[in-house]
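The values are calculated or read from the model by the stated rules, or taken from the named source; none is laboratory data. For clarity, every value in this text was computed on a predicted model and none was experimentally measured. Cβ: placed from backbone, ideal geometry, glycine included. Neighbour counts: every protein chain shown. Please note that ligands, DNA and RNA were not included when accessible areas were found on the heavy atoms of the full protein model with its side chains. Shrake-Rupley method; radii C 1.70, N 1.55, O 1.52, S 1.80 Å.
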Amino acid sequence: MKLQPESKKELLRIAGGTAFCTAIMWVLFAALHLVGWVKFDYTVVLGSLVGAAVAIGNFAGICFVVQKIIDEPDEKRRKATLQLSYNSRMLLQALWVVVAVAAPCFQPFASVLPLFFPRVAIYYLQITGKYKPLTPKAEPVDVSVEDDPEPADAQQSAPDEKGGET
């Protein structure tokens, strides 16, 4: 199945944001390594690359499933497919977390943190106005205002009276 252009554009934005966040994480690890707080070696790089791939793969899975079910007429099948997709993607991420923590070739924090980078990228795109969720178009409302409205009846009968005094 081929991604539609809009889905491909969003996936590339999320992948770019995830890559940018991963690079920033490497810079922070390198800076903390210089002061002796953390170790910056291949485990950080390898773990963060695989973690970023899992995160981007998760988002790609969302794109493919939504594109696949959009034309499904049966609502129960749509919901079931979405639920199965969600459960599968969460299980794969949980499996990655277990492997990242258990395997000595991955630095656990650097391996798990990229799973949050797509959300950071989405927040950034929303804040900067580059991403706006689709909203249904509302009917146009006429809000025209008359230039010179007629005065109300109470004002016409007693224009010199001041209100509020007792």
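Once the stretch 2-28 is narrowed to residues that are open to solvent by less than 70 Å² (accessible area, probe 1.4 Å), at pLDDT 95 or above and out of contact with any Leu (no Cβ under 9 Å at 6 or more places or on another chain), the residue that is nearest to Val97 (Cα to Cα) is Thr18.
Would you call Leu46 in contact (Cβ under 8 Å) with a residue 60 or more places away in the chain, closer than 16 Å to Gln107 by Cβ and either open to solvent by less than 60 Å² (accessible area, probe 1.4 Å) or not aromatic (Phe, Trp, Tyr) (or both)?
Details: in contact (Cβ under 8 Å) with a residue 60 or more places away in the chain: yes; closer than 16 Å to Gln107 by Cβ: yes; either open to solvent by less than 60 Å² (accessible area, probe 1.4 Å) or not aromatic (Phe, Trp, Tyr) (or both): yes.
The answer is yes for Leu46.
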